[in-house]
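Below: the structure, in structure tokens.
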Amino acid sequence: MEITLNSPLDMHLHLRDGDMLKLTAPLSADFAGAVIMPNLVPPVRTPAAMQEYDARIAAAMGAAAFTRYMTLFFTPQGEQELLAAKNTPGFFGFKLYPAGITTNSEGGISNIAQADTTLRIMEELEIPLLVHGESHGFVMDREQEFLAVYRHLATRYPRLRLSMEHITTAAALQLLDEFPNICATVTLQHLIITLDDVAGGALRPHLFCKPIAKRPEDRDALLQAALSGHPRLMFGSDSAPHPRSRKEACGCAAGVFTGPVALPKLAEIFAAHGALNQLQSFVSDNACRWYGLQPVQKTVTLQDTPMAVPTSYRSYGEQVVPMYAGESIGWSVVR
Ligand code: NCD
Ligand code: ZN
């Protein structure tokens, strides 16, 4: 069995910077493009910094054709700044982080009312707002508690292009159905694992991420929504590499590194459920239609011959451990 995908997109990707960028960028090059997260140290806040980062990503990708949809770290801004961002080549949207909620998000927003003027202008300018939707409550309840904020945003700014990033709960899916003006991304790991896989037996730090994996019924609902071709649910890997030493450590950093396994594993899952015909929508068409994207034309063919996943990827003095390290995946990319 095989499937050829047209211009697959990863709608939420962390590529980092420096040597880590050089190591990880080529490992996402089977995608035609990606929405690039801005949570560097310091975060990418200005169009100038964004363009410089974009150029470093382009260099790290080498010859691979890859459309970079760049994001800026959300801070309250006026119309001139927003217009400047919108007119910067490569700019896609703003990523809003609640202050301190995840890796390098200390400069985020602590009260959504601070963002009101900015969001009004973004609505007018049709600038997408991507949100890391977690409260500071109990870790299993954070996403559910944040749904009130999404509801507020979707109601108060009805024309805002709002994305719930990396949703992990059945409740978030219900909100998606309630508000036709919201879209959402979901990761590979949240279609597959639950909290049990992370911490139910021996602790598995490479599966630890924010938002944390939830309950079986959440995972099942997300998987069903993806397999059934929900038109506003898009693949966003949230592939978030950290050095091996920061994952296999006391105080393990949050993030699952899925870039190199994402497409083969998605093909395996969709094929196992007889839903290969929905994969194109999930990994490209839904996003292209919703945002009006035109990524580079590129095809990738996947087939049901196994991929042996390396125990780690290392170069430029960096080492990262992917999901399924040392294991075999049922599908692979045809080279
Ligand atoms: C991400 C990271 O490491 O940058 N970590 C994660 O667990 N997902 C940040 C994020 O998207 O929350
Ligand atoms: Zn992320």
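The values are calculated or read from the model by the stated rules, or taken from the named source; none is laboratory data. Since the structure is predicted, the reported quantities are computational estimates derived from the model, not experimental observations. Note that we place each Cβ from the backbone using ideal geometry, even for glycine, and neighbour counts take in every protein chain shown. The protein model used for the area step is the full one, side chains on, heavy atoms only, and it has no ligands, DNA or RNA in it. Shrake-Rupley method; radii C 1.70, N 1.55, O 1.52, S 1.80 Å.
Some observations on this one:
- When the Cα gyration tensor is reduced to axis lengths a ≥ b ≥ c, the ratio a/c stays below 1.5 for the chain, which is therefore classed as rounded.
- When the Cα gyration tensor is reduced to axis lengths a ≥ b ≥ c, the ratio a/c is 1.5 or higher for region 29-143, and with a/b not above b/c it is classed as oblate.
- Of the beta bridges in the chain, as assigned by DSSP with both residues counted there, near 30 percent are antiparallel.
- Computed extension length for Gln80-Ala325: 83.5 nm, one decimal, from 0.36 nm per residue of separation with the Cα-Cα distance subtracted.
- Calculated FRET value between Ala58 and Gln297, using beta carbons and R₀ = 22 Å, to 0.05: 0.80
- Calculated FRET value between Ala254 and Ile112, using beta carbons and R₀ = 30 Å, to 0.05: 0.85
- Cross-link partners of Lys247 among lysines (Cα-Cα below 28 Å; sequence separation of 8 or more within a chain): Lys22, Lys95, Lys210, Lys214, Lys265
- Sequence-distant residues sharing a close amide H with Met234 (under 5 Å, placed H): Ala184, Thr185, Val186
- Cβ crowding within 10 Å averaged over residues, with 311-319, 84-92, 221-229 ranked highest first: 221-229, 84-92, 311-319
- The residue among Phe270, Gly100, Leu147 whose Cα reaches farthest toward the positive pole of the charge dipole of the chain, with charges on the beta-carbon of Lys, Arg, Asp and Glu, is Gly100.
- Selected from Leu266, Leu188, Leu293 as most flexible by GNM, with the chain as the system and alpha-carbon contacts under 10 Å: Leu293
- Under a model in which nothing but the beta-carbon of Lys, Arg (+1) and Asp, Glu (-1) is charged, the chain shows a dipole of about 440 debye around its Cα centre.
- Max-minus-min Cα coordinates of region 144-238 on each principal axis give 45, 26, 21 Å, with the largest extent listed first.
- What region 2-333 shows is 38 Å² of accessible area per residue, with the surface traced by a 1.4 Å probe over protein heavy atoms.
- Based on DSSP H segments of at least four residues, each scored -39500 (n - 2.57), the chain has a per-residue ellipticity at 222 nm of -9000 deg cm²/dmol.
- FRET efficiency, Glu178 to Arg314 (Cβ-Cβ, R0 56 Å, nearest 0.05): 0.80
- Here region 258-300 is scanned for amide nitrogen atoms under 18 Å from the site 7 Å beyond the Cα of Asn6 along Cα-to-Cβ, giving 276-300.
- Rounded to whole Hz, the Karplus (6.51, -1.76, 1.60) HN-Hα couplings of region 59-75, x for glycine and proline: 5, 5, 6, x, 7, 5, 6, 7, 7, 9, 9, 8, 10, 10, 5, 5, 9
- The apolar share of the surface of the chain, taken as the fraction of accessible area on carbon and sulfur atoms (1.4 Å probe, ligands and nucleic acids excluded), comes to 51 percent.
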